[in-house]
Amino acid sequence: MQSFLRKCAERLETGAPLNRQEALRIFVEADLLELGKLADGVRRRLHPEKIVTFVVDRNVNYTNVCVSRCRFCAFYRDEADADAYLLSQEEIYRKVEELVAQGGTQLLMQGGLHPQLGIEFFENLFRGIKGRFPEILNHSLSPTEISHVARISGLTIADALHRLKEAGLDSIPGGGAEILVDRVRAEISPDKIGWEEWSEVMREAARQGFPTTATMMFGSLERSEDIVEHLFRIREIQEQGGTFTAFIPWTYQPGNTELGGVAASGVEYLKVLALSRLVLCNIPNIQASWVTQGAKLAQVALYFGANDLGGTMLEENVVAAAGCSFRITREELIALIKGAGFAPAQRTTDYKIVQFY
Amino acid sequence: MISFDSITDKVRTGRRLSDSEALFLFESEDLLEIGELAAFANASKNGRRVYYNVNRHINYSNICVNHCRFCAFRRDAGEAGAYLLTLEDIRSRAEEALRQGATEIHMVGGLHPDLSLPCYEEMLRAVKAVSPRLHLKAFTAVEIDYFSRISGLSLREVLLSLKESGLDSLPGGGAEIFAPAVRSELCEEKISGDRWLEVMEEAHRCGFRSNATMLYGHLESHSDRVAHLSRLRDLQDRTGGFQALVALPFQPLNTQLHSDRNLRAGGVDDLKTVAVSRLYLDNFNNIKAYWVLLGEKIAQVALAFGANDLDGTVVDERIGHEAGAESPRGMTRDEILRLIGSAGKEPVERDSLYQEILSR
């Protein structure tokens, strides 16, 4: 094992990619600190400047109505449920206004697969946002939503993306990826698009010049092999012209869900994070998830391959619905980056530095 | 010239680290390398075994004549939220603990203005009356010193009298940080570090085992931490009475310190502190990752940084939670087993004296 790890370390040093077998062996057999040291080595090579970035953003969940009914989700409601909601445009503008007032640069708008909301709803909304807040970058609608909107509007993915772009959509978040292996998806989210359609939306978004991100939700029913497969599928999309700026692994939160079970532990999170850094040599940034892991572990994650702490998230509802409600202020975020020995910097969605602290 | 290599060499050959070497490690940013070294030191003592126990905390009162600035638990007598458990309360909590399979009661409280030594002895007897098999770990050195002052008895007399009433061992609280300048800012009314060590030395001489703690992440420097650990290591050389070191990160919420400064140890500092404690305290067998204050996630990760003990089920923790600890108030055995197992370690249920409990 030691000589195998040494060989992998030498290869990674030169930027050579791991293959699936190597990645799986490292993931299953290496201990936490061995994995961490390999990932930290890659992080140092890709980000030698010792800067850790974050974006000031707000998650606006325009609706919780969703026809997908994923078994791991505590957020969705049926249209007829008492606590189903759809935000009005005015409510959304007010939320964006608060974001602007706090120096935010990114709006992350995601909701559910609402049966009534077609392309015109989003065109209208995005135009309204762009007109009022031209300085805000609109990073919205996961591939799952885009696919749904295209379908109920009778459009191809390409046409839907094109029209959304015209209306002011700037960038596409990588939600809904869960585990990009259909056997797992069939168990945790049977009515959600399969891995190939998720990929196709991201490929088309890249062709149209959208920056994108990729995520993975792990800790539900997947095996180690599925985690590895997910990472390689992301890497392969990127190789074929993908525009992923960042990869964000986070853990399934079992509270209030149909699927139930227990959350992945801190050690499991750090191992997956580190493996992501090792495999995804063609994706520049790896984000730590303080939303699911808390501030303390997110700080430690900076030694396990992460170089970005995601957003300050003035608002977050989806993870909170599953009983996980870590909150963090910008000041705390800055303090924890400094405390780990890095220089904190606020960035834009496309990773341009706004300011150092 | 101290270097990471020279320290590695010492650790690998089982030689003791100096104070300046411990300081070097605290100042270093090589978190994972320090962790690996600490994991080596731990493995050579404990292998893959990680201890836990099934215990229950009982905080008999939050009324305290001291006003430590880092504490969110204390109340004045008569203040809203002030409480003193009755003997019946204590008994019923101990009974519940016994039913849930607890082997230990951890009982601490504040320095109550009105109770006398016999009152505390009655608390001990109330627990022991539930079951003599419940190990009673109770009263910090600060409380023991207070009992001596209110009773006019010597430390030794107090300790022996408590032993008579059922006290089995002492927790390690109240050590905070020994450095006098910081201590007077944090808790000027509390006994000095010298006195804390004196109480512990006497307790060890009376045949009690105890824990040792260090409260960090407030106003102290790295040198203060090393000086603190150094005093503990010296006393351990003399008595061998400490079972475990528990490094406690300061929790700022609802304390007087928080309004002064926005302070809180990060996970990196937590792990480094565990690791340096393991490396420097070569005469301590056990380094505890106290999940209540570290959070379950960091406590679990700490098992890869030299810790070999996760503490216990706790059930009803109050002191850390009043100050904003984000962990649950208690954990089940299954949750603890899962944390240890998914860290790749072997869980071992222990009793309060670190003997393995083989079957239940």
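We did not get these values from a lab; they are worked out from the coordinates using the rules stated. Remember, predicted model here, so these are calculated numbers, not experimental data. Because the Cβ atoms are built from the backbone with ideal geometry, glycine has one as well, and the counts that use them run over all protein chains shown.
For chain B, the relative contact order is 23 percent, taking Cα pairs closer than 8 Å that sit 6 or more residues apart in sequence and dividing their mean separation by the residue count. Return the whole-Å distance between the Cα centroid of region A:1-71 and the Cα centroid of region B:293-354. Here the answer is 27 Å between Cα centres.
For the peptide B:340-346, the mean number of other protein chain Cβ atoms found within 10 angstrom of a residue's Cβ is 3. Computed packing ranks the peptides A:340-346, B:130-136 as A:340-346, B:130-136, most packed first, by mean other Cβ atoms within 10 Å. Run the helix sum for chain B: -39,500 (n - 2.57) per DSSP H stretch of 4+ residues, divided by residue count, reported at 222 nm to the nearest 500 deg cm²/dmol. Value at 222 nm, helices only: -13500 deg cm²/dmol.
Take the Cα of B:S223, step 7 Å toward its Cβ, do the same at A:Q102, and the gap between the two points is 4.1 nm.
With no solvent and one equal point scatterer placed on each C-alpha of region A:2-356, evaluate the Debye formula and give log10 I(q)/I(0) for q = 0.06 Å⁻¹, two decimals. The computed values of log10 I(q)/I(0) come out as -0.20. On a 0 to 90° scale, report how tilted helix B:222-239 is relative to the longest principal axis of chain B, with both axes built from alpha carbons and the result rounded to the nearest 10. Roughly 70 degrees between the two axes. With the biggest extent put first, the Cα atoms of region B:274-333 measure 33, 24, 18 Å across the principal axes.
For the pair B:L353 and B:L160, the difference between a 0.36 nm per residue extended length and the Cα-Cα distance amounts to 67.6 nm. Think of it as helices only: each DSSP H run of n ≥ 4 in chain A is worth -39500 (n - 2.57), and spread over all residues that comes to -14000 deg cm²/dmol at 222 nm.
Only lysine pairs 8 or more places apart or on separate chains count here, and in chain B those with Cα atoms under 18 Å apart total 12. Per-peptide packing, taken as the mean over residues of other Cβ atoms within 10 Å, places A:318-327, B:308-317 in the sequence B:308-317, A:318-327 from highest down. Inter-chain Cβ neighbour count for A:335-341, averaged per residue, equals 4 (cutoff 10 Å, partner chain atoms only).
Within 10 Å, count the other beta carbons around each residue, average over each peptide in B:177-189, B:281-293, and list them highest first. Don't jump to the answer; show the numbers that get you there.
Values: B:177-189: 17.4, B:281-293: 23.3.
The peptides rank, most packed first, as B:281-293, B:177-189.
Sorting the Cα pairs of region A:304-357 by distance into bins of 5 Å, from 0 upward, gives 4, 16, 25, 23, 18, 11, 3 percent per bin. Normalised by the number of residues in region B:61-192, the average gap of Cα pairs under 8 Å and 6 or more apart makes the relative contact order 28 percent.
Three principal axis extents describe the C-alpha atoms of the protein assembly as shown; from largest down they are 87, 58, 49 Å. In terms of overall dimensions, region B:34-172 has a Cα radius of gyration and Dmax of 17.4, 52 angstrom. For chain B, the longest principal axis of the Cα atoms and the long axis of helix B:193-205 meet at an angle of about 80 degrees.
Once the C-beta distance of A:E166 and A:E258 is scaled by a Förster radius of 41 Å, the resulting FRET efficiency is 0.60 to the nearest 0.05.
Expressed as an acute angle from 0 to 90° and rounded to the nearest 10, what is the orientation of the C-alpha long axis of helix B:141-151 relative to the principal long axis of chain B? Tilt relative to chain B: about 30 degrees. Counting, for every residue in A:299-305, the Cβ atoms of other protein chains within 10 Å of its Cβ and taking the mean gives 5. For region B:127-199 versus region A:132-146, the inter-centroid distance based on Cα atoms is 60 Å.
With r as the distance between the Cβ atoms of A:D81 and B:S92 and R0 = 41 Å, compute the FRET efficiency 1/(1 + (r/R0)^6) and round to 0.05. After rounding, the FRET efficiency stands at 0.45.
Pull up the DSSP beta bridges for the protein assembly as shown and report the antiparallel fraction as a percent, rounded to 5. Don't skip to the answer; put the middle values down first.
Numbers: 6 of 61 bridges.
Counting only bridges with both partners in the protein assembly as shown, antiparallel ones make up about 10 percent.
I need to check one value: relative contact order of region B:1-95, counting alpha carbon pairs closer than 8 Å and at least 6 residues apart, in percent.
Details: 47 pairs, mean separation 17.7, N = 95.
This gives 19 percent for region B:1-95.
Between A:R20 and A:K338, take the C-beta separation as r, use R0 = 35 Å, and let me know the FRET efficiency to the nearest 0.05. Before the final figure, lay out the partial values.
Numbers: r = 38 Å, r/R0 = 1.08.
The formula returns an efficiency of 0.40 here.
Rounded to whole Å, give me the distance from the Cα center of region A:285-355 to that of region B:30-45. After rounding, the separation between the Cα centres reads 27 Å. Cross-link partners of A:K165 among lysines, defined as those whose alpha carbon lies under 29 angstrom from its own and excluding same-chain residues fewer than eight positions apart: A:K95, A:K130, A:K192, A:K352.
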